[in-house]
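Heads up, the thing below is written out as structure tokens.
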Amino acid sequence: MKIRSLNPMKTPLAGKSLIEASAGTGKTWTIAALYLRLILAQELTVQQILVVTFTNAATAELRDRLRQRLAQAHEKFTGIGDHQDDAFLNDLYDAFPDREQAARRLLIALRNFDECAVFTIHGFCGLLLKEAALESGLPLEQEMQMDDSDLRQRIADDFWRRRFRDAPPALLDLLRRKSITPEDLLADVADAVSKPYLAIHHGGDAADFDQLARLLNDAWE
């Protein structure tokens, strides 16, 4: 893959592009620039352009920036504001000689901006699941849970109660001496919980465990 400096006026709008950027290098600015080109060059509507980011705060900031850039571009093409110090808007202005048509597309985008598709990753996934509830067999009304730490802990506690309530004294003594708790069990599987594609290989059946526990308990007694 050839690596070259980013020029938002020449970056291909079709296919896939990987843009490498560190903090403070203008990622939001670049997204807004490409957004304007998609509106004008590809003649897309705000409903047809999907922008996805990570956090709710970043989503709000991105929406504000996109709306602001649309307004500035509209001012540029209508002559309301010249924005001579904005190099990108100047290049954009030169690239579309039909000023009236460009201004009309930008005005339509501004008027419909409340319908723009700017989401967090989880927000977009939740929208798709809701829209495809019948196809996916999910409830029409569902709640996206952002933090499942309490649920995980309840599951671990429930497993602990069911598994060790009637455990042999020797095993309980081992757990006590090793200071093993439900929190420890949860920590052991924490990395695997978010990987549903992992295959679970059981180390042995319950009967073998129970037999070993009885032998251990007899020896402990």
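Tabulated results
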| quantity | calculated |
| --- | --- |
| T53 being touching a residue at least 24 places away in the same chain (Cβ under 8 Å) and either under 30 Å from D147 (Cβ atoms) or crowded, with 16+ Cβ neighbours inside 10 Å (or both) | yes |
| Pairs with Cβ under 7 Å, 6+ apart, first in the range 27-44 and without any contact (Cβ under 8 Å) to a residue 24 or more places away in the chain and under 14 Å from L6 (Cα atoms), second open to solvent by 30 Å² or more (accessible area, probe 1.4 Å) and not polar (S, T, N, Q) | K27/A21 |
| Residue that is nearest to the chain's Cα centre (by Cα), among those in the range 177-205 that are in a helix (DSSP H, G or I) and exposed (fewer than 10 other Cβ atoms within 10 Å of the Cβ) | D191 |
| Residue count for the range 56-80, restricted to those that are open to solvent by less than 70 Å² (accessible area, probe 1.4 Å) and not in a helix (DSSP H, G or I) | 1 |
| Residues of the range 137-153 satisfying the condition of being at pLDDT 85 or above and loosely packed, with under 12 Cβ neighbours inside 10 Å | S149, D150, L151 |
| Residue within the range 121-134 that is of a type in the set (F, W, Y), buried (at least 16 other Cβ atoms within 10 Å of the Cβ) and touching a Lys or Arg at 6+ places or on another chain (Cβ under 7 Å) present | no |
| Residue in the range 110-120 that is exposed (fewer than 12 other Cβ atoms within 10 Å of the Cβ) and in contact (Cβ under 8 Å) with a residue 40 or more places away in the chain present | yes |
| Some residue of the range 85-98 being under 27 Å from L128 (Cβ atoms), at pLDDT 85 or above, loosely packed, with under 12 Cβ neighbours inside 10 Å and among the acidic types (D, E) | no |
| In the range 14-44, residue surrounded by the most Cβ atoms within 10 Å (Cβ to Cβ) [restricted to those that are touching a helix residue (DSSP H, G or I) at 6+ places or on another chain (Cβ under 6 Å) and assigned to a loop (DSSP other than H, G, I, E, B)] | L44 |
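The values are calculated or read from the model by the stated rules, or taken from the named source; none is laboratory data. Values in this document were obtained by computation on a predicted structure and should not be read as measured data. Heads up, the Cβs are rebuilt from the backbone with ideal geometry, glycines too, and the neighbour counts pull from every protein chain shown. Heavy atoms of the whole protein, side chains included, go into the accessibility calculation; ligands, DNA and RNA do not. Shrake-Rupley method; radii C 1.70, N 1.55, O 1.52, S 1.80 Å.
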